[in-house]
Amino acid sequence: MTQVDAPDPAATRRVGRVLTYRKPALLALLFPPAGVPAMIHSLRAGRLAKARRVEEARIQGGKARDWAWIAVGVGLTCYVVVFLVWLLFANHGAVRRTYFKPDVFFGVKEYHAVAGSCATQCAASIEFHFKYWSPMLRAFWLNIQVFLITEIIVLIWALVVAIVRLLPGKVCAPLRWLATLYVDIFRGLPSILVIFLVGFGFPLAGVPIVQDWSKMQFAIIALTLTYGAYVSEVYKAGIESVHWGQTAAARSLGLSYAQTMRHVVVPQALRRIGPPLLNDFIGLQKDTATIFFIGAFDALAMARFINNNNATFAAYTMAAVLFLAVTVPFTRYLDHILKRQKLRTQGGT
Amino acid sequence: MAFLEIDHVDKIFGTNHVLKAISLDVEQHQVVTLIGGSGSGKSTLLRCVNALEEVDGGEIRLDGDRVSGRGVDVDALRREVGIVFQSFNLFPHMTVLQNVTLAPIKVLRLTRGLAEERGIALLKRIGLDAKANEYPDRLSGGQQQRVAIVRAMAMEPRLLLLDEITSALDPELVAEVLNIVRDLAEQGMTMMLATHEMSFAREVSSKVCFLHEGVIHEEGPPEQIFGNPQKERTRAFLQRIIDAGRL
Ligand SMILES: Nc1ncnc2c1ncn2[C@@H]1O[C@H](COP(=O)(O)OP(=O)(O)OP(=O)(O)O)[C@@H](O)[C@H]1O
Ligand SMILES: [Mg+2]
């Protein structure tokens, strides 16, 4: 039934009424490229509705709605980007020059490429190209190393802590207690403070065994202490999320507590904690920058060095780019697996 | 001396006295059924037998050996006493065959080859050998519960405990699970089960115990309990079951 027989104005107010999206279209006019089509379709919908051509009017109304949404999605994005670009060129380009000085970033001397000397200038700039990037990369390699080594140690250490915290029985209470104390302390301390306490404190106090270790090793100890506490929480939550019926079933088959943990509980926990674990490792990767404060020569230290010697603040931006180059793929991947997980849980069993 | 002797067993959860000096004997090849209302302590009693709960008083003996209380090797006990739960509790990260062979390999120290051979043979008996390499979530509830029974049987227990194993199943799946229990009973498996399936209890049981508030209120052969209950409470309980259309 597409046609209404009698011209009944009240009919447009019933379920079958036509939505013209007039107000959204008006708002969309704030972004004319989408707003104008939205308005045109909306007006057409109104006209067709008056002429009782309901089906055609609905199609026009739908188009008006689509355009209005485009105005939101594309329009808002455009305005935000324009604002950022404006910021970059504000104050006669000072913002851009501070953060993205081309000669630091790309090895191209700014404003110097005058017509006459173009050829020599280009040759010079190619030579110049890796002047800052290669030392930055070399320094950043230290961050990566610290990250990778710490990550592996943390994965094992945190599991040990989590299992100790979940040990059953009264006799293990002191052990559980100790592990809980450790977690409470290091979850509550800023990682930068831990780095200070370890990196400067251990050599000063002559802590046996480790006092002569390198700065990088101190950094690994400190970050392991901090992130071991975080990650043990993740493990613990994962292990506790495994239904107790699983333990009951495994124990009732004669498996020991350790066998139950190893074959039944921990494998299931690991499957669940992937995303939160990845989250903590993104944090760890960022926090490798704190090793700068105990004098390890990492990307941040190199950025400061370049800045001090050449008055080029953009070196810090380079460090930022390097960190993002590692963490952004991580976060994207995390998002991806979270989405997949959600799909799977929503898709039934 | 009976095969399993439950001797004045007490169980207390906080202030909740769940089992009150319960005594019960199970002979070899017997099927003993626990019936009773929700919260009467059926599950708790079964869990005590297999040491998933510690008893707070009294003693449980299996074949004359004390198996409750201090100094008992609970893992050794559980090798002899299997349990199947209402909620299947299959291991979701393992295939059906891995579920069945895990304990034989890790606990009985069978080689993988031998354990799998036996596992497949057991699965064949319940017609699920085709599903050996599926994960549990691909199986129906009835199939999962059958696998859970096979998993317990793979340890070749001398006593099998079944705690309301059909309560989580759709009605049309109940029969396939009960058929297996019936087969086991015919083969002479000693079993202790809690159930709300009264007609089944009547059919397979050697002895029926009516539990009420942590005491065995009445026990006897199924004909007596279902046909001619002596105690008022037993009668009232069965009347409720009949009214609910479950007998
Ligand atoms: N782990 C526990 N901690 C505290 N109380 C418990 C625990 N397990 C059982 N109980 C209590 O013990 C009582 C008996 O529970 P049980 O599970 O044995 O009953 P049931 O006869 O199996 O009932 P249902 O037919 O509903 O399964 C209940 O009051 C219950 O609340
Ligand atoms: Mg129960």
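B:E116 versus (1) facing another protein chain (nearest Cβ under 8 Å); (2) among the acidic types (D, E); (3) surrounded by 16 or more Cβ atoms within 10 Å (Cβ to Cβ): which is the lone unmet condition?
(1)
Tell me the residue from B:K11, B:K20 that is within 14 Å of ligand 2 (Cβ to nearest atom), away from chain A (no Cβ under 14 Å) and of a type in the set (K, R), please.
Only one candidate qualifies: B:K11.
Among (1) buried (at least 17 other Cβ atoms within 10 Å of the Cβ); (2) more than 9 Å from chain A (Cβ to nearest Cβ), there is one condition B:L102 misses while meeting the rest; what is its number?
(2)
Take B:D75 and decide whether it is surrounded by fewer than 21 Cβ atoms within 10 Å (Cβ to Cβ), under 23 Å from A:G245 (Cβ atoms) and not aliphatic (A, V, I, L, M). Before the answer, list the steps.
Numbers: surrounded by fewer than 21 Cβ atoms within 10 Å (Cβ to Cβ): yes; under 23 Å from A:G245 (Cβ atoms): yes; not aliphatic (A, V, I, L, M): yes.
Judged against the criteria, B:D75 is a match.
Which ones in the range A:255-297 are within 16 Å of A:G228 (Cβ to Cβ) and either of a type in the set (D, E) or in contact with a His (Cβ under 7 Å, 6 or more places away or on another chain) (or both)?
Within the range A:255-297, A:D280, A:D287 qualify.
Can we say B:T44 is in contact with a Lys or Arg (Cβ under 8 Å, 6 or more places away or on another chain), within 13 Å of ligand 1 (Cβ to nearest atom) and touching a residue at least 24 places away in the same chain (Cβ under 8 Å)?
The answer is yes for B:T44.
A:L334 passes all but one of (1) within 23 Å of A:V95 (Cβ to Cβ); (2) crowded, with 18+ Cβ neighbours inside 10 Å; which number fails?
(1)
Residues that are closer than 30 Å to A:Q246 by Cα, in contact with a helix residue (DSSP H, G or I) (Cβ under 8 Å, 6 or more places away or on another chain) and either away from ligand 1 (no atom under 16 Å from the Cβ) or not in a loop (DSSP other than H, G, I, E, B) (or both): does the range B:211-226 have at least one?
Yes.
Can B:L52 be described as within 14 Å of ligand 2 (Cβ to nearest atom) and of a type in the set (A, V, I, L, M, F, W, C)?
So B:L52 fits the description; yes.
Given the structure, is B:R66 without any contact (Cβ under 8 Å) to a residue 12 or more places away in the chain and more than 15 Å from the chain's Cα centre (by Cα)?
Against the criterion (without any contact (Cβ under 8 Å) to a residue 12 or more places away in the chain and more than 15 Å from the chain's Cα centre (by Cα)), B:R66 qualifies.
Please tell me if B:T33 is within 16 Å of ligand 1 (Cβ to nearest atom), exposed (fewer than 14 other Cβ atoms within 10 Å of the Cβ) and over 28 Å from A:Y257 (Cα atoms).
So B:T33 does not fit the description; no.
Among the residues in the range B:159-174, are any at pLDDT 90 or above and surrounded by fewer than 16 Cβ atoms within 10 Å (Cβ to Cβ)?
No; the residues of the range B:159-174 include none that is at pLDDT 90 or above and surrounded by fewer than 16 Cβ atoms within 10 Å (Cβ to Cβ).
Exactly one of these conditions fails for B:I83: (1) within 16 Å of ligand 1 (Cβ to nearest atom); (2) in a strand (DSSP E or B); (3) more than 14 Å from chain A (Cβ to nearest Cβ). Give me its number.
(3)
The values are calculated or read from the model by the stated rules, or taken from the named source; none is laboratory data. As the structure is a prediction and not an experimental result, all values here were calculated from the model. Note that we place each Cβ from the backbone using ideal geometry, even for glycine, and neighbour counts take in every protein chain shown.
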